[in-house]
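Step one of this worksheet: look at the structure below.
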Amino acid sequence: MSKTVVLDPAFRRLENIFYSEDLKRLYSMANVVWGKNEQIPEAELEAARNDVVGFITGYWRYGDVSKYPKLKVIMEVSGGFPSPKHLDYDTCFSKGIRVMSCAPAFGPAVAEMGLLLALAASRQIVWNDAAFRVGEAQWSHTEFGGTFTLYGKKVGFIGFGGIARSLKPLIEPFGCPIQVYDPWLTNTYLRTQGVKPVDLETLMSTSRFIFVLAVPTASNRALIDRKYLSKIKSDSVFVLLSRSHVVDFEVLTEMLVENRFKAAIDVYPKEPFPADHPICRLNNVILSSHRAGAIGEALLNIGRIVVNDMEAILAGLVPQEMQIAQPEYIRNREKET
């Protein structure tokens, strides 16, 4: 089998996603074509077309996959899967071409940030820091402002994918019972993972900490609407960590303006988020600028898992670290507009 691999990570930069030793490993196991930060020129791509086994790419921009007769794998380093608008998944599935995402590289960093945001909200760390700086800190220790710990509190995960599976071991030392809503997984599987499967209404109404961790699909746009947001208890924390797509953000804003509960938010319907938005003036919300996974260590994890799985594929073995696109998920995924 030919071992030609197109390395075309733009928009990512090679130095940001590969440790030097991982890049050396890739070059030692494959005939690497291109390997620069700029997009591969058409002439370079055409010269490799008949031999290319794998693409390592920022996003799919190479046309019909049938043009590449030896193609075995597409590895996207953006953090998601290629858009169905650009990539013919049916052909990939029928030809046995694996489509893989580097999302697992971000899981630990995003999970760590999720835990941080939850604790910062429940303990009012950000608000107390701001009060301290203007001479309004509460030194008497008689006013606690509704603060509470994570220990022993019921936690709800909306979605049990890679981020949730990285967050679960971080939560476990706090002795929290974890309940999960994920319609893509069986209740039997969830129980084997040590979590309790529940319906969404139960999760929203009984969890003190609610983590939104689901990936966007055609069926979950604004899934968490007024009906479910109204179930959140006043002494709860709502952590929006994966995609705002899953939440009716206007209703969320309305309820936070009414101080119905606390929240921590890392993702927004529009980014950059407007500084004059009503949510930016609230002291019951912690705002983070979509940076849960934006850390150098997480980016360099991309190169490690890409090279590890490429090594397996070139050896005719099963890749273990990247996320592999499943037909059931892709067919329900909302196409980008």
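Only the coordinates and a few stated rules stand behind these numbers; no lab work does. All values derive from a computational prediction rather than experimental measurement. In this analysis, Cβ positions are derived from the backbone assuming ideal geometry, glycine residues included, and neighbour counts consider all displayed protein chains.
I want to check the label-to-label distance for residue 250 and residue 291. Put each point 7 Å from Cα in the C-beta direction and report it in nm to one decimal.
Each label point is offset 7 Å from its Cα along the Cβ direction, giving 3.1 nm.
Hey, fewest Cβ within 10 Å first, where do 65, 318 land in order?
Working: 65 18, 318 10.
Ordered by Cβ neighbours within 10 Å, fewest first: 318, 65.
Calculate, in nm to one decimal, what residue 280 and residue 226 gain on full extension: separation in residues at 0.36 nm each, minus their alpha carbon distance.
17.4 nm
Kindly state, as a whole number, the per residue volume in cubic angstrom of the convex hull around the alpha carbon atoms of segment 262-337.
Spread over its residues, the Cα hull of segment 262-337 gives 169 Å³ apiece.
Given points 7 Å out from each Cα along the Cα-Cβ axis, report the residue 14 to residue 172 separation in nanometres with one decimal.
In this crude label model, residue 14 to residue 172 measures out at 4.0 nm.
So if R0 is 45 Å, what FRET efficiency would residue 130 and residue 186 give, r being the distance between their Cβ atoms, rounded to the nearest 0.05?
That pair, residue 130 with residue 186, gives E of 0.50.
Excluding residue 250 itself, what net charge comes from residues whose Cβ is under 15 Å from its Cβ, given Lys and Arg +1 and Asp and Glu -1?
On the way: positive: 221, 226, 227, 260, 270; negative: 225, 248, 254, 258.
With Lys, Arg at +1 and Asp, Glu at -1, the neighbours total +1.
Apply the Karplus parameterisation 6.51 cos²θ - 1.76 cosθ + 1.60, with θ equal to phi minus 60°, to every residue of segment 257-274 and state each ³J(HN,Hα) to the nearest whole Hz, in sequence, with x for glycine and proline.
4, 7, 6, 6, 6, 9, 8, 9, 10, 10, 10, 9, x, 9, 10, x, 7, x
Any idea what angle helix 162-171 forms with the longest principal axis of the chain, computed on alpha-carbon atoms, 0 to 90 degrees, nearest 10?
Once rounded, the angle reads 40 degrees.
Of the labelled options (1) 21.8; (2) 19.0; (3) 22.6, which one gives mean projected area of the Cα convex hull in nm² as computed for this structure?
Only one option fits the structure, namely (2).
Go ahead and run the numbers for FRET between residue 148 and residue 31, Cβ-Cβ distance against an R0 of 51 Å, rounding to 0.05. Let's see the in-between values first.
Numbers: r = 58 Å, r/R0 = 1.13.
Between residue 148 and residue 31 the formula returns 0.30.
What is the fewest-to-most order of 280, 92, 176, 102 by other Cβ atoms lying within 10 Å of their Cβ?
Ascending number of Cβ neighbours within 10 Å: 280, 176, 92, 102.
Taking Cα centroids, how far is segment 278-324 from segment 171-231 in Å?
Result: 22 Å between the Cα centres.
What is the gain in length, in nm to one decimal, between residue 21 and residue 94 on full extension, counting 0.36 nm per residue of separation less the C-alpha to C-alpha distance?
Length difference between fully extended and current span is 22.8 nm.
Roughly what angle does helix 20-29 make with the longest principal axis of the chain, taking Cα atoms, 0 to 90 degrees, to the nearest 10?
Approximately 30 degrees, to the nearest 10.
So for the pair residue 300, residue 329, with labels modelled 7 Å out along Cα→Cβ, what separation do we get in nm?
The two pseudo-label positions are separated by 2.7 nm.
Quick check: the angle from helix 296-314's long axis to the longest principal axis of the chain, C-alpha only, nearest 10 degrees?
Taking Cα atoms only, the helix is inclined about 40 degrees.
What is the sum of charges, Lys and Arg at +1 and Asp and Glu at -1, for the other residues whose Cβ falls under 14 Å from the Cβ of residue 277?
-2
So how do 207, 244, 83 line up by other beta-carbon neighbours within 10 Å, fewest first?
Fewest-to-most ranking of 207, 244, 83: 83, 244, 207.
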